[in-house]
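Engineer: The structure that follows is given in the form of structure tokens.
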Amino acid sequence: MRFAPAAAALSLCLAMTASISSAGAGSPADPRAAALIAQGQALLDAGETQGAIDAFEAALAVEPGFTPILVDLAAAARQQGLQGKAIRYYREALTRDPGNFAAIAGEGAALVEKGALEKAKRNLATLKSLCGDRCPETQSLQSSIARGAPARLAVETAGENPATN
């Protein structure tokens, strides 16, 4: 009986944690955020990355707990060639939702684009363990790794002289 209040407090804490972690799943509660996300995705598909980033950031301001917005922001950053920024967005998304397949695959692809193939292979192993070989995210990351680092990156790193750096 002495532990009843502590047990009640612990169960309340766990219930709140579970509700907070599931709040990022599904669709945003605010319709304004949903409209901004749709606008951002349309702009991103049209190649207008800055407009898409603006829309996604506005959606994040309206619905800060909605993790998929971070994945969208990361995709826009990758399209701008800002892989480091994209990786930060993916990692924040993974902090909120460690099982987010799109964030794991996206981070892996951004790592490939930066030339960090070994780290990307770790993401691939994580994806394979979570969703298997037939998962679309696994197949996408596998093909990114197979293509390797972009040609411009290979030329840049080949042109560097380690003795002068």
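The values are calculated or read from the model by the stated rules, or taken from the named source; none is laboratory data. All figures in this text were calculated on a predicted structure; none of them were measured in a lab. Cβ placement follows ideal geometry from the backbone for every residue including glycine, while neighbour counts extend to all protein chains displayed.
Engineer: Just checking, which of T95, T49 is hydroxyl-bearing (S, T, Y) and touching a residue at least 12 places away in the same chain (Cβ under 8 Å)?
Structural biologist: Result of the check over T95, T49: T49.
Engineer: Restricting attention to segment 92-116, report how many residues are more than 22 Å from Q80 (Cβ to Cβ) and touching a helix residue (DSSP H, G or I) at 6+ places or on another chain (Cβ under 8 Å).
Structural biologist: Count: 4.
Engineer: Are there any helices (runs of 4 or more DSSP H) wholly within segment 78-131 with 3 or more residues that are over 14 Å from the mean Cα position of the chain (by Cα), and if so which?
Structural biologist: Passing ranges, in order: 101-114, 117-131.
Engineer: Please find, among G108, G81, the residue that is buried (at least 22 other Cβ atoms within 10 Å of the Cβ), modelled with pLDDT of 90 or more and over 24 Å from S27 (Cβ atoms).
Structural biologist: G108
Engineer: Starting from segment 113-141, take each residue that is within 21 Å of Q79 (Cβ to Cβ) and list its partners that are part of a helix (DSSP H, G or I) and among the polar types (S, T, N, Q), counting only C-beta distances under 6 angstrom and pairs at least six apart or across chains.
Structural biologist: Short answer, once both residue conditions are applied: E113/Q83; K114/Q83.
Engineer: Could you please give the count of residues in segment 25-61 that are polar (S, T, N, Q), crowded, with 16+ Cβ neighbours inside 10 Å and under 19 Å from K85 (Cα atoms)?
Structural biologist: 2
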